[in-house]
Structures are given as structure tokens and as C-alpha cells.
Amino acid sequence: MGLHPLEFSESYLDSPAFREKIKAHEAELDKTGRFIKELYKDGKNLINATKQLSLAQKKFAQCLGEFKFEYIGDAKTDDEKCIDESLQEFSSFLRNLEDQRDLMMRNITETLMKPLEQFRKEHLGSAKTARKTYEKETEKYYSSLEKLLNMSAKKKEPQLQEADMSVQVTRQQFQESSLEYVCKLQEIQERKKFECVEPMLAFFQTVFTFYHQGYELAKDFDHYKKALQINIQNTRSRFEGTRSEVFELLNRIKESPQEYRQTSPISSEGYLYVQEKRPPPFGSSWVKRYCTFVKEQKILHMKTFDQRSGGKLGETESVTIKSCVRKTTDTLDRRFCLDIEITDRPSTVLTVQALSEDDHRFWMHAMGGKESVCQSLTPASNIDAQLDDEGISFVKNSINAIETRGINDQGLYRVVGVSSKVQKLLKLMIDEKSSEIDLATSEDWDVKTITSALKLYLSATPESRVQAIHCLVHKMPERNRLVLSLVTKHLANVAANSKQNLMTVANLGVVFGPTLMRPQEETVAAIMDLKFQNIVVEILIEQHEKIFGHAPSSSPSLETSHLFAPTRQSKRLSRQNRPLAVYNPQVLDVQTVSPSSESPALVNDETSVGSSESVSSQSSNASGTPPEKSKNHHTTISTSLPESTGICTATASWMNSASPASITPVKPGSAGTEKNKPEENVTHKKAKAVYPCEAEHDSELSFQVGAIFHDVTISREPGWLEGVLEGKRGLIPENYVEIL
């Protein structure tokens with residue numbers, strides 16, 4: 001139940017119940033006063049916060065209005081003009097919105113804050129004043145009443161009458177005060193209902209008006225917004241097209257930077273380090289200069305400029321060039337140097353250093369310079385570099401000489417030797433096999449020649465990688481190789497459309513590297529090798545036609561494939577050094593069971609074929625004698641899709657069967673059980689050539705890849721079959737064919 005009404009009649013009785021009702025009304029008014037006071041305080045805070053927001057919005061709008069876009073080029077498109085003007089439009093919109101916010105704050109102050117404060121002070125304040133008066137009259141009346149009642153009855157009658165009259169007057173004042181106070185309390189209780197709510201209604205009306213103004217501004221802005229969206233979309237579309245062209249140009253420049261370096265047909269520009277000679281004992285110093293060579297006048301302008309010192313521009317020196325000659329490292333222990341003869345000072349030679357070998361060639365070409373005899377080192381094709389005994393001996397000899405004579409030399413391995421000397425040393429040590437020369441004591445070879453020869457011997461070529469992968473792919477089972485060919489051909493088609501789909505060969509390598517060459521174990525080391533898997537997949541995609549189009553012409557030792565991939569000098573190979581093919585009927589017949597099974601045919605030492613060594617540790621059997629067989633552990637050494645998909649999954653069983661050390665058929669009478677001995681004249685019906693072969697004897701057959709042989713039988717000669725091709729019967733290298 002709410003507050004009890006205060007009856008005027010109760011003012012005369014002044015009962016305890018009446019007094020309790022008054023206290024309840026007083027407590028309600030106190031609560032209302034506190035509420036209004038707190039609301040007024042929060043309203044002030046709201047206004048101040050809104051003013052701060054408005055100031056921040058105005059500052060933001062000012063910042064937008066003051067900024068101007070700078071565009072590349074001499075003119076702007078219509079879309080760019082609209083985008084440039086958009087910031088001013090945004091600024092104007094925000095300023096208009098904040099003007100409406102300021103108006104809202106002023107209205108809130110007038111319609112909410114002042115009326116609430118006025119009600120609190122005037123009405124609630126007057127109630128407090130009336131309360132004090134009521135309490136004062138109450139105290140006065142009851143004090144005089146007690147005094148009257150305590151007066152002795154023996155007092156004279158006039159005194160008693162005077163005392164009665166005084167109490168009567170006091171009672172009348174108290175009752176009037178009580179009536180007025182009751183009236184005031186009930187009046188304020190009723191007045192607060194509208195005096196408090198009406199300002200709140202005005203407040204919300206002001207807020208709604210502000211939001212309505214914002215809505216109207218948004219409606220007015222909508223047309224401009226839609227037009228601007230079209231401008232932005234047009235600009236974005238042009239950006240995407242331009243970006244594609246820019247990246248295409250960027251890639252072309254990356255591939256051939258020297259073709260795009262020249263920015264002017266009449267001059268060449270770039271950085272050079274100029275040698276400034278000083279009087280002894282100070283030697284010389286190298287100063288970085290930005291040089292501009294004017295071709296027609298042959299004038300070289302050299303300007304001092306260093307980015308590390310804040311990009312301060314120094315003085316410019318100009319000289320006229322008479323001639324330019326490459327400076328060799330024999331006379332100066334710095335690379336990429338040029339000797340420039342100056343016309344103005346005939347006896348002066350200016351020595352400058354380019355930033356790289358390509359930069360050196362650029363300046364040589366620009367200045368019409370002459371190339372010296374010394375050239376940069378490239379792998380020599382006429383050096384038969386193999387990781388044989390002579391090669392290992394050369395590596396040891398070189399390392400011993402370097403550590404003995406030049407371990408403290410500055411620029412060790414960086415300073416290159418003269419190309420002719422390096423080639424001569426390699427030819428002497430590798431081709432002529434002069435292992436008796438001790439490079440550590442020989443004075444004929446300086447340290448930089450030895451280091452350059454060692455680096456050249458150890459360098460790899462991209463062709464060697466392709467050839468090694470080419471051979472490994474053709475050692476795979478036919479179905480695996482077929483599926484891999486289909487997948488990589490598809491990826492090559494995807495890469496051919498990289499301009500649209502953005503899937504370059506490198507991107508496809510990243511995506512399919514872990515897929516086609518999944519590691520056997522998920523280890524940190526395997527993760528670190530992902531980059532190599534990606535490279536292999538990139539080569540498979542880029543060289544798809546070469547790798548899958550035909551069988552490799554040679555089968556290099558996997559041991560040295562990462563150094564130099566030897567080329568096949570002739571298609572005529574003796575029976576002792578023919579390339580060994582991938583298919584071995586005996587091996588495949590034994591290994592038809594999954595490597596994971598426990599078939600005795602796979603785990604028996606006598607019947608298993610292969611080696612527990614890795615592929616890279618196996619070498620060609622030059623003598624043609626089959627190596628001793630060892631237990632096949634079926635260790636996965638190549639990675640790819642699961643076995644069920646059959647793309648690149650390769651276990652040691654087939655990898656070892658394809659390796660030169662294990663694929664030669666078992667000789668009759670060699671170590672092994674009777675089960676491994678091939679029976680004579682066993683007919684295999686048909687076989688298909690997987691390598692080309694040219695007969696060296698009348699008893700042999702010549703054939704190309706894909707040739708079909710009929711009535712194929714195992715020959716008495718180890719490692720050979722007999723079959724019929726085009727009506728002629730002859731010998732067929734067993735590992736050149738696969739049995740159908």
C-alpha cells in the first residue's frame with residue numbers, strides 16, 4: 001500500500017498514528033529530493049561528457065577536412081576526384097551533426113536540468129521550511145501546555161485565566177501550522193508526479209529530435225554515399241588490374257633486372273664506391289658515390305650521398321672518361337672493380353667498385369669498357385667431377401692446404417681465383433688424377449685458386465637436380481608413375497593460368513609438397529625438410545614434359561646426383577655399364593604382398609631382395625657382378641600419398657629393386673635358395689621396353705622405348721632375357737624391360 005492520506009481533522013487530534021503518517025510522507029519527500037539531486041548531478045556529467053564527445057568529433061571532422069590525398073601522375077580520374085573530395089564531405093557531415101548535438105545539450109539544460117533543480121529548491125525546499133515551522137509550533141504548544149497543567153490551583157483567578165488564554169493562542173497557532181503542513185505535504189506529493197516527469201519527457205523529446213536530425217542528415221547523405229561507393233569500387237577494380245600488371249612487371253624485373261635498370265637512353269645511373277688515395281701511410285679509402293654517366297659527352301657525375309647518415313647530399317664531382325677497363329683481383333683484393341682513365345688528368349686512373357657482378361657488367365657496357373681475361377667461375381662441363389676416390393682425395397688435399405696455408409687469410413672463400421688457373425687445377429687433380437701433388441706444400445697454387453677449385457667441384461647445377469629426379473621417377477612402379485604424371489600435368493595446367501588463379505609453381509609446390517611427399521614420421525626434422533619437398537614438386541611441375549615424356553638417357557649414381565649429374569656420352573653402352581631399369585620380375589613376383597604384412601616371402605633372408613642402406617648410399621656396379629643380397633627391411637624412404645592412392649609411396653622394397661646395387665637378376669648358381677634360381681627357358685610371353693637400347697653384338701636386339709617383345713624367356717647369360725622383336729630373336733637386357 002502507498003502513503004496514507006492525511007486528514008485535516010487528524011491535525012486537531014495529533015494522534016500517534018497521525019504522526020507516523022507525517023513521518024512516512026516526510027521520508028518520501030526526502031527520498032525524492034535525493035533522487036533529484038543525484039539525477040541533476042548525473043545530468044551534469046552527461047552534458048559534460050557529451051560536450052567532450054562533441055569536441056572530439058569536431059576535432060576529428062577538422063582533421064578530415066584538412067587532409068588532402070596526393071595522387072601519382074599528372075591528372076586525376078573523376079573517381080579519384082570524388083574520393084579526394086569525400087573527406088571534406090565527411091567533415092561537413094560531422095560538423096552538421098555536432099551542431100545538432102550542441103543544440104540538444106542546450107535544450108537539455110533548459111528543459112530538464114533547470115526545471116528539476118527549480119522543483120527541488122522551491123517545492124521540496126518549502127516543505128522543509130514548513131516542517132521546521134510545524135516542529136517549532138509543536139514544541140511551543142506542548143511546552144506551554146505542560147507549564148499550564150503544572151500551575152497550582154491556588155493561584156489567583158486572573159493568573160489562571162491569563163495562563164488559559166496563552167495556551168489557547170498557542171494551541172490555535174499549532175493547529176493552523178499543522179493544517180498548513182499537512183496541506184503542503186500532500187500538495188508536493190501530487191505535484192512531483194508531473195514536475196519530475198514532464199522535464200524527462202522534454203529531455204527525451206530533445207534526444208529524439210537530435211536523432212531525427214541525424215536521420216535527415218543521413219538521408220541527405222545517402223545519395224552521395226551511393227555515388228561514392230561506385231567511385232570506390234571503380235578505383236578498387238582499377239587498382240586490382242594495375243596491381244596485377246605491376247606484379248607481372250616486378251617479376252619480369254626480378255628475372256632480368258639488368259634489362260630494366262636503364263631508366264634513360266642518354267644516361268646511366270647508380271651507386272659506385274670510389275677509391276680515394278691518400279698519402280702514405282694512410283693508404284686509401286672507399287667512398288660511396290651516386291654516379292650519373294652521360295653517354296654522349298662521356299661525363300661521369302659523382303655525388304656523395306649516404307642513406308645511413310640521414311640522406312645528406314654532398315658535393316658533386318664531374319670527370320670526362322677516356323677509357324674503362326675491368327680491374328682483376330690479381331692486382332686488387334676487391335671484386336667488381338673498374339679502372340677509369342680520365343681525359344682531364346691523363347696520368348690519373350680512377351678506380352671504382354660496382355655493387356655486384358651484374359652491376360659491374362652494367363657499368364662496363366654503359367662506359368664501353370673492356371673485359372679482362374679473368375671471368376667469373378662457372379662449372380666446367382669438360383671436368384668429369386665424380387665423388388670417387390680421386391674426388392675424395394682432392395677434397396681432403398684442398399682442405400688440408402687451406403687449413404695449413406690460408407686459414408687466417410682475409411676474405412677466405414670470398415676472394416676468387418683466376419678462372420684459367422682454377423680450371424687447370426681441377427683438370428690436373430680430377431681428370432689427370434694427379435693425387436701425388438700435395439697442395440699444402442706446393443707453391444704453384446695459391447690459396448684463392450684452391451678455394452675456388454673446391455667450391456667449383458662441390459657446386460651443383462639445376463640440370464643435375466632435374467636429371468636425378470628424372471631417374472628416380474622412372475624407378476617408380478608404372479601405376480604410381482602414371483598417376484603422378486596425371487597430377488603434375490594437371491598442376492602444370494593450373495600454373496599456366498597463374499595470372500588468373502594466382503597459383504604459381506611456387507605456390508603449388510607449397511600446397512602439394514606435403515601432400516605428394518608426406519614424411520613417414522611427423523617430427524621437427526621432417527617439418528624443416530618441407531622446403532625441399534616443395535622444390536621437388538616444383539621441378540616435377542616445371543619439367544613435367546621432360547620427366548614424364550621419356551625415360552632418362554642415363555641412370556646416375558644417386559650418391560653423386562646432388563653434386564654433378566653425369567651426362568650419357570653415348571647410347572652405346574657395354575653390358576657392364578648399361579643403365580639399369582626399374583622392373584625386376586623376380587623381385588615383383590616375391591613382393592606382391594603389402595610391406596606391412598608378415599608374409600614369409602618378405603622377411604626371409606634368403607628370398608628378400610634389396611638393401612637396408614639408403615638409396616643415396618648405393619652406387620653403380622661397374623663390374624656387372626651382382627652384389628650380395630641382404631635382408632629387405634621395407635623401410636619407407638620416399639614419401640607421398642597413402643599406399644591406397646598409389647602415387648608416390650615408395651618403400652625400400654621397390655626402391656632397392658630399382659637401385660643399381662640390387663636390381664640385377666640372381667645368377668644361376670649364386671648364393672640363395674633354389675626358389676631364387678630362375679628356371680631355364682621359362683616363357684614370360686610378352687615384355688615391354690622401358691629404356692632404349694642399341695645392339696652392340698649380332699646376338700642382341702636394338703629397340704626403342706615401348707617396343708613389345710614376344711616369347712620372352714630367361715637367358716642362360718646372367719642379367720639377360722631372350723625374346724622376339726619384329727621376327728628376330730635375340731638377347732635383351734633384363735632391366736631394360738618390364739614383363740607384361
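The values are calculated or read from the model by the stated rules, or taken from the named source; none is laboratory data. Everything numeric here is computed off the predicted structure, so don't read it as measured data. No Cβ is skipped: glycine too gets one built from the backbone with ideal geometry, and neighbour counts run over all protein chains shown. Only protein heavy atoms, including side chains, enter the accessible area calculation; ligands, DNA and RNA are left aside. Shrake-Rupley method; radii C 1.70, N 1.55, O 1.52, S 1.80 Å.
Under 6 Å between Cβ atoms, which residue pairs at least 6 apart in sequence (or on different chains) link something in the range 186-199 that is at negative phi and in contact (Cβ under 8 Å) with a residue 24 or more places away in the chain with a partner that is outside any helix (DSSP H, G or I) and open to solvent by less than 50 Å² (accessible area, probe 1.4 Å)?
186/6
Among (1) open to solvent by less than 60 Å² (accessible area, probe 1.4 Å); (2) within 28 Å of the chain's Cα centre (by Cα), where does residue 231 come up short?
Only one criterion is unmet by residue 231, namely (2).
When the range 683-719 is examined, which residues are found to be free of Cβ contacts under 8 Å to residues at least 40 places away in the same chain, touching a strand residue (DSSP E or B) at 6+ places or on another chain (Cβ under 6 Å), more than 22 Å from residue 549 (Cβ to Cβ) and not β-branched (Val, Ile, Thr)?
699, 700, 701, 709, 710, 711, 715
Quick one: is residue 728 more than 57 Å from the chain's Cα centre (by Cα), open to solvent by 60 Å² or more (accessible area, probe 1.4 Å) and at pLDDT 75 or above? If you could, list the steps in order and put the result at the bottom.
Values: more than 57 Å from the chain's Cα centre (by Cα): yes; open to solvent by 60 Å² or more (accessible area, probe 1.4 Å): yes; at pLDDT 75 or above: yes.
Here the answer is yes, as residue 728 does meet what is asked.
Out of the range 69-123, which residues are closer than 28 Å to residue 194 by Cα and among the charged types (D, E, K, R)?
101, 102, 106, 110, 114, 117, 120, 121, 122
Six or more apart or on different chains, Cβ atoms under 7 Å: show the pairs whose first residue is in the range 493-511 and polar (S, T, N, Q) and whose second is at pLDDT 85 or above and not in a helix (DSSP H, G or I).
Qualifying pairs under 7 Å: 498/504.
Pull out all pairs, ordered by first then second residue, where Cβ-Cβ is under 8 Å, the residues are six or more apart or on different chains, the first lies in the range 463-488 and is without any contact (Cβ under 8 Å) to a residue 12 or more places away in the chain, and the second is part of a helix (DSSP H, G or I).
none
Quick one: in the range 1-57, which of the residues that are within 30 Å of residue 98 (Cβ to Cβ) and of a type in the set (Asp, Glu) is nearest to the chain's Cα centre (by Cα)?
42
Within the range 251-317, which strands (runs of 3 or more DSSP E) (wholly inside it) include 3 or more residues that are in contact with a helix residue (DSSP H, G or I) (Cβ under 8 Å, 6 or more places away or on another chain), open to solvent by less than 90 Å² (accessible area, probe 1.4 Å) and at pLDDT 80 or above? Walk me through how you get there before you give the answer.
Values: elements: 267-277, 284-294, 299-306.
By residue number, 267-277.
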